[in-house]
1. To the nearest Å, what is the center-to-center distance of the range 76-123 and the range 41-73, using C-alpha atoms only?
2. On a 0 to 90 degree scale, rounded to 10, what angle separates helix 22-32 from the longest Cα axis of the chain?
3. List, in order, the whole-Hz ³J(HN,Hα) value for each residue of the range 69-85 obtained from phi through the Karplus relation with A = 6.51, B = -1.76, C = 1.60 and θ = phi - 60°; use x for Gly and Pro.
4. Among the chymotrypsin sites (Phe, Trp or Tyr not before Pro) within the range 7-95, which fall in a DSSP loop and have no more than 10 other Cβ atoms within 10 Å of their own Cβ?
5. If amide hydrogens are placed 1.01 Å from N in the peptide plane, which non-local residues have theirs closer than 5 Å to the one on LYS4?
6. How large is the Kirkwood hydrodynamic radius of the range 1-74, counting all unique pairs of alpha carbons, in Å?
7. Leaving ligands, DNA and RNA out of it, rank ASP75, ASP128 by accessible area with a 1.4 Å probe, largest first.
8. Nearest 0.05, what FRET efficiency do PHE60 and ARG127 give at R0 = 30 Å with Cβ-Cβ as r?
Amino acid sequence: MTLKLSQYMSTRIHTIGKTLPIETARKQMTKHKIHHLPVLEAGKLVGIISDRDIQHLVSFQPAKDLTVGDVMAPDPYIVSPNTHLAEVAEKMARHRFESAIVQENEGNLVGIFTCEDAMRALADVIRDSKAHDRNKAA
């Protein structure tokens with residue numbers, strides 16, 4: 001079974017500007033029930049911010065004067081929608097990435113793939129494997 005990232009990625013992408021306050025990012029994540037926001041500057045991807053990043057930093061200093069750019073990870077993991085799921089999952093596990101930004105060649109954001117998406121893919125693989133084993137036994 002060949003699984004492509006495009007089968008499991010979320011295509012509803014919410015982004016945030018680099019200069020916006022951290023509180024804006026937190027509110028947007030809560031509103032949309034998401035944990036990661038690609039960060040844009042002048043329409044170009046420049047980073048990613050997660051709810052964990054915000055929680056971690058805010059535990060050390062007040063968030064009122066911080067911007068998204070102060071907290072974001074500047075080098076997000078970027079992949080193509082045609083990338084094989086196994087390749088993405090392996091790299092995410094090896095480097096402990098929580099997400100992968102999915103871009104087309106022109107730099108257009110087309111999706112995001114998170115650990116939650118990876119768990120859905122794993123469930124499908126296990127389910128298919130069990131069905132295959134039952135069919136072989138019959």
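The values are calculated or read from the model by the stated rules, or taken from the named source; none is laboratory data. Remember, predicted model here, so these are calculated numbers, not experimental data. FYI the Cβ positions are ideal-geometry reconstructions off the backbone, even for glycines, and counts take in every protein chain you see. Accessible surface areas use protein heavy atoms only, side chains included; no ligands, DNA or RNA. Shrake-Rupley method; radii C 1.70, N 1.55, O 1.52, S 1.80 Å.
1. Result: 21 Å between the Cα centres.
2. With both axes taken from Cα atoms, the answer is about 40 degrees.
3. The phi angles translate into x, 6, 10, 4, 8, x, 10, x, 6, 10, 9, 8, x, 8, 5, 5, 4 Hz.
4. Filter output for the range 7-95: PHE60.
5. LEU85
6. Details: mean 1/r = 0.0771 Å⁻¹.
After inverting the mean inverse Cα-Cα distance, the result is 13.0 Å.
7. Values: ASP75 130, ASP128 70 Å².
Heavy-atom accessible area, descending, gives ASP75, ASP128.
8. According to the calculation, E is roughly 0.10.
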